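Just below is one structure, and these are the notes that go with it.
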Amino acid sequence: MVFEKIRKDGIKPRRKKKSNWEKGIGKSRNDLVYLTYCYVCYYAVASCKERDDVPVVIKVRINSSKTKLFADEEYLFRMSINEWKDKSKEEQMAIYNSFDPKMFGINKLFKDVWRESLKFMGTVCAESVPVHDIMGYTELSFDDKELHEHIDPSISIENYRSMSQFYIDYLERLDYKPIR
């Protein structure tokens, strides 16, 4: 059902829908969509609510001169380690949730920090992805033994540095179908 809506309208923020990421250091933002070119399988599988749901990978091509991109707040959080490394879990969560990627996009000094987020962590945010930027999709199978090697990452700068090419190589081997 969600995928059919994406095929018709593009990728939109969840707004009032519940986040898939209620646990952990912080909540995902309801006004942005998250894009990655390496942790795709992990997110596709995590979005499945039931065992019979089919994880879908959506391949997009973003023109950054037309679509405003922002750093992922997890990247911003990790880059500010000195602010939180000695804080309690609750204080860390408050700091994490205080980051507004859009504010970094407005500030001229930080407007291109999204490039660093993509380069060092493999993730960025956007307000939406129009349907014409969706290049294709593929459905993943839980029976694919190789898939299981690609769905348990630690999403971090360190993991990206050591494992991103492994994830990317798998994604490049997938067979994508046209969206329309």
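Rule-based calculations on the coordinates, nothing more; no lab input. Every value quoted in this text rests on a predicted model; they were computed, and no experiment measured them. As a convention, Cβ positions derive from the backbone with ideal geometry for all residues, glycine included, and neighbour counts pool all protein chains shown.
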Total charge dipole magnitude, the stretch 2-173, about the Cα centre, Cβ charges on Lys, Arg, Asp, Glu only, Debye to nearest 20: 780
Relative contact order (%) - the chain, alpha-carbon pairs under 8 angstrom, separation at least six: 34
Residues of the stretch 147-177 with amide N under 20 Å of the 7 Å Cα→Cβ point at Glu4: 177
Correct choice for P(r) over Cα pairs in 5 Å bins from 0, in percent that was computed from the model, options [x] 1, 8, 15, 20, 21, 18, 10, 5, 2, 0, 0; [y] 1, 9, 15, 18, 18, 15, 10, 7, 4, 2, 1, 0; [z] 1, 8, 19, 23, 23, 16, 7, 1, 0: [x]
The chain, helix-only ellipticity at 222 nm - DSSP H runs n ≥ 4, -39,500 (n - 2.57), divided by all residues, nearest 500: -10500 deg cm²/dmol
Rounded FRET efficiency, nearest 0.05, which uses the C-beta distance separating Arg161 from Val56 and R0 of 30 Å: 0.60
